Amino acid sequence: MKFGIVVFPGTWSDGDCHHATSTVLSQQAEFVWHGDRDISRFDAIILPGGFSYGDYLRCGAIARFSPIMESIIRFAERGGQVIGICNGFQILCEAGLLPGALMRNDHMEFRCSWINLRVEQPDSQFSHLTKKGQILHMPISHGEGNYQADPETIATLERTGRVLFRYCDERGGITREANPNGSANSIAGIVNERGNVLGMMPHPERACEALLGGEDGNVIFRSMFTPWRQPADVSQRK
Amino acid sequence: MKSPRQFLDILSFDPPVLTRPLFDPRTHPVPVTKQILDEIALSRAEYEAIVERLGREPKPLELGLFGALWSEHCGYKHTKPLLRLLPSKSPRLLVAPGAENAGVVDIGDGIAIVMKIESHNHPSAVEPHQGAATGVGGIVRDIFAMGARPIALLNSLRFGPPDEPRNRFLLHGVVGGISSYGNCIGVPDVGGEISFDRSYSGNPLVNAMCVGLIERDHSSGSTQGGTGPRIISARAKSPGDILLLVGADTGRDGIHGASGLASRAFGEQAEMRSAVQVGNPFLEKVLIEACLAAVKLPGVVGMQDLGAAGMTSACIEMAERSKMGLRLDVAKVPRREEGMTPYEVMLSESQERMVLAVTPGYEGPVIELFKKWDLDATAIGEFFTGTNVRIYDGPELLIETPIHILTEAPQYTFDAPKPKWLSDLQAFDPASVSLPEQTPAGILLGLLASPNIASKRSVFRTYDHQVQNNTVVVPGGDAAVLRLKGTGKGIALKVDCNGRLCFLDPSAGTAIAVAEACRNVSVTGAEPVALTDGLNFGNPERPDVQYQLTQSIKGMAEAANALGVPIISGNASLYNEARGQAIYPTPMIGALGVLEDVTKHATAGFKHEGDAVLLLGAASPWDSTAGLAGSEFLATFHSKVAGQPKIDLDLEKRVQQACRDAVKAGLVASAHDCSDGGLAVSVAESAIIGGVGVTVDDEVPARWDAALFGESQSRIILSAAPANIAGIREIAARVNVPLTIIGHVGGTRVRFGSSVDITLCEADDAWRNGFDRATSG
Amino acid sequence: MYLAKVKVTLKPAVNDPQGITIGRALGRLGFDTVDSVRAGKYFELKINEPERAVAEKKVREMCEKLLANPVIERFSFDLEPA
């Protein structure tokens, strides 16, 4: 699979995503500048973490107007896989590709630590190599990861199985203490209606080698490039 | 060792808002008044020296340049002769410390490392958040100016006691500033230390350290060729080279930063509080990427960051180093504010700016590259064959001044005697204190919970310590460990200094700081290969401070020589005083170690039930009363800072060698430096971090305070499987280092003889939450 | 009862990275007549004080102590009956 890794001014997980997908997982990966428009050569797009435009005004608010975002919206409409990690998730929300918004962490601090994620939905292009209830260990690193949306949107996400990951404790319990930012329903990652756009606050690309503390992040990238047949009625990508 | 930039500090200071320019070069009267000399912090004698060397009165703009370049920060008036004592030789050195802004060490595999510490004490005392943030920004620019990718930040912070609200305000502001700036630029903050003492009340210390990685040059357009690391010089190459100013627009930020604050006692600064510099970490991040891309373009020959004294020091020192003249046009400098005078432009310390020297004809693609990153790059001058700097304002030549006169600051030497009060403090015999009323267990829990010793996790977790995917050992242990991608190697990093010990004996205390920084690196298994220093001292015009400075640098030199590690860069921040009282002399020491195989590293926490606990470096588990000199125990439970700190550097070297060998041989399950709080605290920390109990078998002697909490140097706590003990013993014997089996790992309690028996939970709670309890509210 | 509308902005000489970045973004979106942007904070406070003069004094104190950082920021406010 060929991953296109978008670089906005202020992006800093671009190199880490490149390392995880190419060096660790032996896929093709290439950086693509936010001012470019042609992304036709890619099979999947990664919007990496960082502080695009310094996160000034609102996280992702300025980046969403970059020329590449129009191409990414069309790419997603055609069923292309898009994963937004951390700041990438924030940009996807600002761009309207995903519902809701990422607000300031409820404790008002930046938080960098390893957390546990419970897989809620293994029937997805991004998680089909996991099992329901499986616990993934990976880092978070954000000041604004508090996922919020209006109650109807949250209810819809839950009802349609679009919540992929939830913050949990080491035994899989969904508790207030295990929620690192105050997200509604402990939501850590969601997909769009069609299931081809994922936004998540944790950093799978930082959990790609045992030497660095864990490899659980790889399963997400591996799911992306492993063929999968969607069980339900929604049409296949491309 | 000619260049004064060798140990240049980029400490910038926040000036008053200048409603009216201080000097207008066109109208300002000569000769100069005392008031003006005070403003730029030159003495009358220095002024007269300038007149004599120039053979005329300086023009006002020139005077501003002298004030900046002859400041302690740029000119190192009080420290330069002393700094010559420091060792700077090593087969690994690719660039000697004097040649560029910092020395560069070879790690092999075409990779080199550069590192440096910078202080931002005074700005942080005024506005802690912005002061600390711009301190991070400054040191990061220092590193990427050499063509190095910044790969790690560390910091070393000192505050007054946290029970005072002002000190808590400063702590939280500084941590917030480091967090907001460092997280935004994508450089992991992998370690540091925070401690509290009354001597820092009113004058906190905020030292940031940055480590950069220089990779082998693969670009075809290389101007240096070869396959070694491509180090970017801070000099132009040929006459005609163009000087490009890149990054932020110039505003009235920090004028007189270098001369003003850096050369005065802090108490005098109250009037000057305003116009704090606000850093722009986003711009810094973009500047890192753009500059590291630009140096790969053909024709980019040199680069330099703008720090203290802004364009003045960056441009003039670049010319000096290039041995060329420089023509500058201040009218070309993009401004953030209207009505700025040439004087203000030359001395502005606006953040996030760099200068590049570019071969004429090659500047087009360079400017294009910066434009891609939405950055301005403007040609503001050119180098020529000559020895003078010519500063223009459009067509008008404002000054023409010989560069060597500007950059050759006077040097002051001193030979102050040892103060009597110090001899008295050293004569104190710790055996004279009576045993405390508290139980040994109570004292152990108290020390574990003390803000100096307790875990700083609540701080570290607000710093991104994992970005760049290299962090193997995260903050909280002895030294951080990073892997170097594509090599199998790793580096260990630590910054350390015990100011209390430096106060009690500047020479021995500084030697201990060097030893401890190296020991922290050695316990991971890494071999220390380079050191950097951040000198924080009081007013060097006082004899006591002169004595401290002299002795401290002598101690540093002695320890670095004994351990065989070069000092590749440094920084000096003087005049750290509040209410007429100098801070403890605090020479922060940053250490870099190399692990040939990063998978073979040790961490601090115990690992397995049944492992033996060993003490490397001492024949008995129990320290003597001499070890209580300057200890955390004496300070906390007897409110006493006294005694004579000591270190045997020869033993230290052998202890570290033995530890590294044991780790490398894979015989060790954990290794932890035995330091603040003594053996009991260090053993308890290994248990807490490992999540498993420990029992030290021997009966604790009558002087249990010294036995458990003495802080004698050169001791390391190891744990190992019983089957590995013989191997470790052999390694220790080979270098003639004592090794003692003191106990075993296991259970859920922490026990020392029959003196201490507490649950791991109690110890864990004290250590994990002590810092928050002491610093919140 | 009074409603205080408080504006906190950076002092004129202080660098405003956020304002600069937003200004450049507006320029890229075609709003090319934007000369400069300064960002700030806005607060609305309802104050249970019958006397206008007292309310005004308290709001000023709140600004000086907490809402603004006097080292780098300045503030202004309007007070209206609520």
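A few notes on this one:
- In Å, descending, principal axis extents of the Cα set of chain C: 49, 27, 14
- Whichever lysines have a C-alpha closer than 19 Å to that of B:Lys59, once near sequence neighbours (fewer than 8 apart) are set aside: B:Lys34
- The range B:34-83: trypsin sites (Lys or Arg not before Pro) in DSSP loop, at most 12 other beta carbons within 10 Å: B:Arg56
- Stretch gain in nm, segment A:Met1-A:Glu177, where the contour uses 0.36 nm per residue and the Cα spacing is subtracted: 59.6 nm
- Of the trypsin sites (Lys or Arg not before Pro) in the range A:44-136, those whose Cβ has at most 12 other Cβ within 10 Å and which sit in DSSP loop: A:Arg78, A:Lys131, A:Lys132
- Cβ crowding within 10 Å averaged over residues, with C:5-14, B:553-562 ranked highest first: B:553-562, C:5-14
- Backbone geometry of the range B:458-474 corresponds, through the Karplus equation with coefficients 6.51, -1.76 and 1.60 at θ = phi - 60°, to 3J(HN,Hα) couplings of 5, 7, 4, 6, 8, 9, 6, 10, 10, 4, 5, 6, 10, 6, 8, 10, 7 Hz, x marking Gly and Pro.
- Principal-axis tilt of helix C:52-62 within chain C, Cα atoms, nearest 10 degrees: 50
- Diffusion coefficient (Stokes-Einstein, Kirkwood radius over C-alpha pairs, 37 °C, 0.692 mPa s) for chain B: 124 µm²/s, rounded to a whole number.
- Spin-label pair C:Val54/B:Asp648, simplified geometry with 7 Å Cα→Cβ offset, distance in nm: 7.4
- Which listed pairs, of B:Lys332/C:Lys11; B:Lys89/B:Lys554; B:Lys77/B:Lys116; B:Lys77/B:Lys554, have C-alpha distances above 22 Å, in listed order: B:Lys332/C:Lys11
- Using every pair of distinct Cα positions in the range B:645-731, the Kirkwood expression returns a hydrodynamic radius of 14.1 angstrom.
- Residue-averaged beta-carbon neighbours from other chains (10 angstrom radius) around A:13-21: 3
- Distance cut-off 48 Å, percentage of C-alpha pairs in the protein assembly as shown lying past it: 28
- Helix-only [θ]222 nm of chain C, DSSP H runs n ≥ 4, -39500 (n - 2.57) each, per residue, nearest 500: -8500 deg cm²/dmol
- Helices that extend 20 Å or more along their long axis by alpha-carbon positions and average at least -0.5 on the Kyte-Doolittle scale are, among the DSSP H runs of chain B, B:128-144, B:165-185, B:506-522, B:543-563.
- In the range A:26-110 the Cα-Cα distances spread across 10 Å bins starting at 0 as 17, 51, 25, 7, 0 percent of all pairs.
- Dmax and Rg, reported as Rg then Dmax, of chain A (C-alpha, Å): 16.0, 44
- Straight Cα distances below 23 angstrom link B:Lys640 to the lysines B:Lys418, B:Lys420, with same-chain residues fewer than 8 positions distant left out.
- Coarse-grained scattering of the range B:330-401 at q = 0.14, 0.20, 0.22 Å⁻¹, given as base-10 log I(q)/I(0) from a Debye sum over alpha-carbon atoms: -0.55, -1.06, -1.21
- Within straight-line cross-link reach of C:Lys5, lysines at Cα separation under 19 Å, skipping those fewer than 8 residues along the same chain: C:Lys41, C:Lys46, C:Lys57, C:Lys58, C:Lys65
- Average beta-carbon neighbours from other chains, 10 Å sphere, peptide A:44-56: 5
- The simple spin-label model puts a point 7 Å past each Cα toward its Cβ; for B:Lys89 and A:Met108 those points are separated by 5.7 nm.
- For chain B, adding -39500 (n - 2.57) for each run of n ≥ 4 DSSP H residues and dividing by the number of residues yields -10000 deg cm²/dmol at 222 nm.
- Taking the C-alpha atoms of the range B:108-213, convex hull volume expressed per residue in Å³: 86
- For chain A, calculated [θ]222 nm from helices alone, where every DSSP H run of n ≥ 4 adds -39500 (n - 2.57): -4500 deg cm²/dmol
- Chain B: relative contact order as a whole-number percent, Cα under 8 Å and 6+ apart: 16
- Loop GluC sites (Glu not before Pro), the range B:275-366, which have at most 12 other Cβ atoms in a 10 Å radius of their Cβ (DSSP): B:Glu338
- Expressed in Å, the radius of gyration and Dmax of the Cα atoms of the range B:544-661 are 18.4, 55.
- The range B:4-407 pair-distance distribution - Cα-Cα, 10 Å bins, rounded %: 5, 24, 34, 26, 10, 1, 0
FYI, it's all coordinate maths here, none of it is from the lab. What you see is a predicted model; the values in this text were computed from it and never measured. Note that each Cβ is placed from the backbone with ideal geometry, even for glycine, and that neighbours are counted across all protein chains shown.
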